[in-house]
1. Leu89 versus (1) modelled with pLDDT under 95; (2) in contact with a Ser or Thr (Cβ under 6 Å, 6 or more places away or on another chain): which is the lone unmet condition?
2. Looking only at the range 122-134, count how many residues are touching a helix residue (DSSP H, G or I) at 6+ places or on another chain (Cβ under 8 Å) and part of a helix (DSSP H, G or I).
3. Considering each residue of the range 87-96, count those that are outside any loop (DSSP other than H, G, I, E, B) and either surrounded by fewer than 21 Cβ atoms within 10 Å (Cβ to Cβ) or of a type in the set (Val, Ile, Thr) (or both), and give that number.
4. Name the residue that is surrounded by the most Cβ atoms within 10 Å (Cβ to Cβ), counting only residues in the range 28-63 that are assigned to a helix (DSSP H, G or I) and of a type in the set (Lys, Arg).
5. Is it fair to say Ala105 is in the same structural domain as Arg60 (by TED's automatic domain parsing) and in a helix (DSSP H, G or I)?
6. Go through the range 172-213 and give me each residue that's assigned to a loop (DSSP other than H, G, I, E, B), more than 17 Å from Glu150 (Cβ to Cβ) and of a type in the set (Gly, Ala, Ser).
7. Checking Asn93 against (1) at positive phi; (2) outside the structural domain of Leu56 (by TED's automatic domain parsing): exactly one of these is not met. Which one?
8. Pull out all pairs, ordered by first then second residue, where Cβ-Cβ is under 6 Å, the residues are six or more apart or on different chains, the first lies in the range 160-184 and is free of Cβ contacts under 8 Å to residues at least 24 places away in the same chain, and the second is surrounded by fewer than 24 Cβ atoms within 10 Å (Cβ to Cβ) and in a helix (DSSP H, G or I).
Amino acid sequence: MNMTEFETKYATHYKSALDVLSQTGSVDDVFCYIDSIEGNDGDYRDVTFGKVAIMLASQREANQALRFCSAISDPLERADSMVRVARELRKENLLDSANEFLDRAVESAGKVERSYETAMVFLQVADLLERWGKQEEALELLHQAVVLAEVRPQPFEAGKTLRGCGRLLASWNRIPEAIEVAQAIELPGLRATALEEIQGGGQWPVHPGVHID
């Protein structure tokens, strides 16, 4: 199966879920359809649950979105979906629900086997917390992300996460701390790129006070 076919299969399951909703008007029926999806070690099922959860969040159905996210079996996919739903709920001005989903994302990420993957989620959540005015919580969570990403030997993804942590700290005008984090990156090229960026250089320079998208 090539990548296009792989992606199409995900799209097909999501379209089928929306068709069920259109035909029956029942969220319960949609849940049952997704729950019956098999193949690819549960990926199709989990991703479709997450996509429908975002759709439900856009319709201000926070409780139903939580139900669908909670049914995702893989903890990393569940955490990522919780973050995406939180963003959607924030757009709908459902602030308490958005914050609850971030808390649940952190909880789910804590169950992920690879520590640097947990760190990737913590980095995303820390960014959102700071944007939403929770600076102390954001900084505390980002510090946890740094610790989790500083694994040895250091996979490339862990180095990328440290780069992201350094960039975020620099955007918060915590330059010395950002430099310290960047210096913990093992790969020399990635380390040099991160150090240049957080000091305002390179192809993607970081400017304090400017949010990173």
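1. Only one criterion in (1) modelled with pLDDT under 95; (2) in contact with a Ser or Thr (Cβ under 6 Å, 6 or more places away or on another chain) is unmet by Leu89, namely (1).
2. Residues meeting the conditions: 9.
3. 5
4. My answer is Arg45.
5. Against the criterion (in the same structural domain as Arg60 (by TED's automatic domain parsing) and in a helix (DSSP H, G or I)), Ala105 qualifies.
6. Listed by number, the residues that qualify are Gly200, Gly201, Gly202, Gly209.
7. (2)
8. Qualifying pairs under 6 Å: Ala182/Leu195.
The values are calculated or read from the model by the stated rules, or taken from the named source; none is laboratory data. These figures come from a predicted structure and were not determined experimentally. With ideal geometry, Cβ positions are generated from the backbone for all residues, glycine too; neighbour counts draw on all protein chains shown.
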